[in-house]
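Below: one structure, written as C-alpha cells.
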Amino acid sequence: KDKDVFERFFDSCKEYRKSKISRLTHEDDRIRSLGAEVLLAFGMMDCNNPDYDIAVSESGKPYDKNSGTHFNLSHSGMFAAAVFDECEVGIDIEIPRKVDLKLAERFFSPDEKMLLKAAASPEKQFLRTWTRKEALIKAYGKALPCELQELNTASDNVVIDSISYGITTKDDEYFFLSVARKGEPKPIICENIMVV
C-alpha cells in the first residue's frame, strides 16, 4: 500500500497490465492486480525469459510466445499467486472466509458433497473444493463441456474431453491454494509467501 513502492512496480509493468490496473476502481483490487503482474515478471525471470510476450492459445489460455511457458494468476484478500509450467495450467487462491454452503448443492458433484458433509470444518472443505474447481476450469481454458456439478474434483485426477488433468491443493490458516495442470499432478512449491 506504500504509494512509492506501488508506483515503482507499476512503472515497470507491461502496458496491457497498466491499462487493466488503471481501470480498477478499488485500491485493494489495483494492489492485487499489480501483485499478480509482479509475480508473473518474477516467474518469467525464473524461467529465463524476462522479455516475455503474452499470447493466448486456441483454448483461451495465456502463455509466453518466446519460451512456450504456460502460466496462470489468481488473487484473493491480500494474496496474489502465480503458477508456471510447460503445459496448460490453472491456479486459484482463496482466503478463509464465511461462505454460503448452499452453493454446494448447485455446483458440487455428489462426491464433493459427501466430502463436505464429512468434514470437521465444512467451510474449509467448501473453499478447498472451490479452489480445485476454479483451478481446473482455468487449466481447461475454454467453455466446459459439462455442468459444474458434473466436474468431480474429489480425486486428484480428472478427465475432461479425454484429457487428463492433475490437481494439487495446499492449505493453511491463511489461504487455500489449488493448481491444476494437463497430465499428472505435481507438488505445489510455494515461494515468496508474505502475510500482510
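Relative contact order of segment 25-102: what whole-number percent is it, with Cα pairs under 8 angstrom and at least 6 residues apart?
The normalised contact order for segment 25-102 reaches 25 percent.
Need the C-alpha centroid separation for segment 129-174 versus segment 16-49, integer Å.
25
Per residue, how much accessible area does segment 8-61 show when a 1.4 Å probe rolls over the protein heavy atoms, in square angstrom?
Computed with neighbouring chains in place, this is 60 Å² per residue.
In percent, how large is the relative contact order of the chain, given Cα pairs closer than 8 Å and 6 or more residues apart?
17
Just by accessible area at a 1.4 angstrom probe, what is the order of 142, 182 from largest to smallest?
142, 182
In the full protein assembly as shown, how much of residue 78 is accessible to a 1.4 Å probe, in Å² to the nearest 10?
Looks like 70 Å² after rounding.
Taking R0 as 35 Å, what's the FRET efficiency between residue 97 and residue 51 from their Cβ-Cβ distance, rounded to 0.05?
Efficiency for this residue pair is about 0.40.
Using the Kyte-Doolittle scale, which helices in the chain average at least 0.0 and also have C-alpha atoms spread 20 Å or more along the helix axis, with helices defined as whole DSSP H runs?
27-46
So what's the projected area for the chain, the Cα convex hull averaged over all directions, in nm²?
With the hull built on Cα positions only, its mean projection is 11.5 nm².
State the extension gain, in nm to one decimal, for the chain segment bounded by residue 174 and residue 25, taking 0.36 nm per residue of separation less the distance between their alpha-carbons.
51.1 nm
Leaving ligands, DNA and RNA out of it, report the carbon-plus-sulfur percent of the accessible area of segment 1-147 at a 1.4 Å probe.
Using a 1.4 Å probe with all protein chains present, segment 1-147 comes out at 52 percent carbon and sulfur.
The values are calculated or read from the model by the stated rules, or taken from the named source; none is laboratory data. These figures come from a predicted structure and were not determined experimentally. Glycine also receives a Cβ, built like all others from the backbone with ideal geometry; neighbour counts cover every protein chain displayed. Note: areas computed on protein heavy atoms with side chains; ligands, DNA, RNA excluded. Shrake-Rupley method; radii C 1.70, N 1.55, O 1.52, S 1.80 Å.
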